[in-house]
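Please treat every number below as a calculation from the coordinates, not as lab data. Fair warning: this is a prediction, and the values are worked out from it, not measured in the lab. For neighbour counting, all protein chains shown are included, and Cβ atoms are generated from backbone atoms with ideal geometry for every residue, glycine included.
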Amino acid sequence: MRKIVQGIVTPLVTPLIDNNTLDIAGLERLIEHVISGGVHGIFILGTTGEASNLAINLRIEMIRQSSRLIRKRVPLLVGISDTSITESIRLAETAASFSADAVVSTPPFYFVMDQTELAEYYESLVPQLNLPLYLYNMPVNTKISFDPKTIKRIAENPRVVGFKDSSGNAPYLQRVIHEMRNCENFSIFVGPEEMTAEMVLLGADGGVNGGANIFPRLYVDLYHAAVANDIEVVRNLQAKIMNISSTLYTVGENGSSYLKGLKCSLEILGICNGFIASPFKKFSGQQYGQVKTALEKIMRICE
């Protein structure tokens, strides 16, 4: 079986007008922006998509509208993470009904599980899904990390087709790559964009990078340079990406700074509304100005 996607997958923000309303015009502009930037796939309802803070009916609407707007031009991956397996299955059924290509799942994130329980959860979930599944490691939010051997056990089911790691732990991800080295059809993606080039050089299949919402071509170029082992180009592009992460994502210096900086940047660019789902609030005043100044400098660098 051919891999569903390799390269840069944009973890799409969810453009919102308020807590209950999608910014559909903004969603269309955003999708056109990232596709024209050459991304290889789109992932909705992940961390960057604020899925855990969105009502189920709004997540279903995001699936419907995204599928309609993407029109199968790139693979569509849909997050189905939830504390309830029933809701995860419901989201997966919706994704399948709107012709998504795969679903993505973090472990349930309230009660703490051990590795056996984690494996058993997915051994129960996967047979109930109509689409291939990517495992999603986000230990800072789920309180558990997939042991490499647990990944291999879960992936004995061929419908488990890949793994996305957002731990930011390079030695850990290398252990996963090593453990899964003989699984030809299993894809491994890295979340933190600061690590993408390094991990692609060492065997990962690509990156799921939030900055590709703003500067899709930059991340696509970085991926292609890493695949070509063009270290000089990688170093040049990596410096630009570090500039993004050290300025746009650090305003306010709190846990929500990345998401607020990302959505604020998209609003400044006129792509979509910058509204953040509760419990957070979007940047305004001085912080909005800081993002605007940083974004203008980065745009000059990236020209």
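Tabulated data
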read-out: Hits in segment 226-256 (condition: farther than 15 Å from Phe215 by Cα and either surrounded by 17 or more Cβ atoms within 10 Å (Cβ to Cβ) or among the charged types (D, E, K, R) (or both)); value: Ala226, Asp230, Glu232, Val234, Arg235, Val251, Glu253
read-out: Sole exception among (1) surrounded by fewer than 17 Cβ atoms within 10 Å (Cβ to Cβ); (2) small (Gly, Ala, Ser); (3) within 30 Å of Asn157 (Cβ to Cβ) for Ser187, by number; value: (1)
read-out: Residue in segment 17-25 that is touching a residue at least 24 places away in the same chain (Cβ under 8 Å) and either on the phi > 0 side of the Ramachandran plot or surrounded by 24 or more Cβ atoms within 10 Å (Cβ to Cβ) (or both) present; value: no
read-out: Ile80 vs. criteria among the hydrophobic types (A, V, I, L, M, F, W, C) and over 20 Å from Thr10 (Cα atoms); value: no
read-out: Tally, over segment 48-83, of residues that are within 21 Å of Asp18 (Cβ to Cβ), assigned to a loop (DSSP other than H, G, I, E, B) and not acidic (Asp, Glu); value: 4
read-out: Residue ranges of helices (runs of 4 or more DSSP H) in segment 94-169 with at least 3 members within 19 Å of Phe43 (Cβ to Cβ); value: 139-142
read-out: Matching option when the condition is within 16 Å of Gly49 (Cβ to Cβ), basic (Lys, Arg), surrounded by 13 or more Cβ atoms within 10 Å (Cβ to Cβ) and out of contact with any Leu (no Cβ under 8 Å at 6 or more places or on another chain), among Lys282, Lys292; value: Lys282
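Conditions tested, residue by residue: (1) more than 21 Å from the chain's Cα centre (by Cα); (2) under 28 Å from Glu198 (Cα atoms); (3) buried (at least 18 other Cβ atoms within 10 Å of the Cβ).
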site	(1), (2), (3)
Gln128	yes, no, no
Tyr134	no, yes, yes
Val140	no, yes, no
Phe146	no, yes, yes
Asn157	yes, no, no
Gly162	no, yes, yes
Gly168	no, yes, no
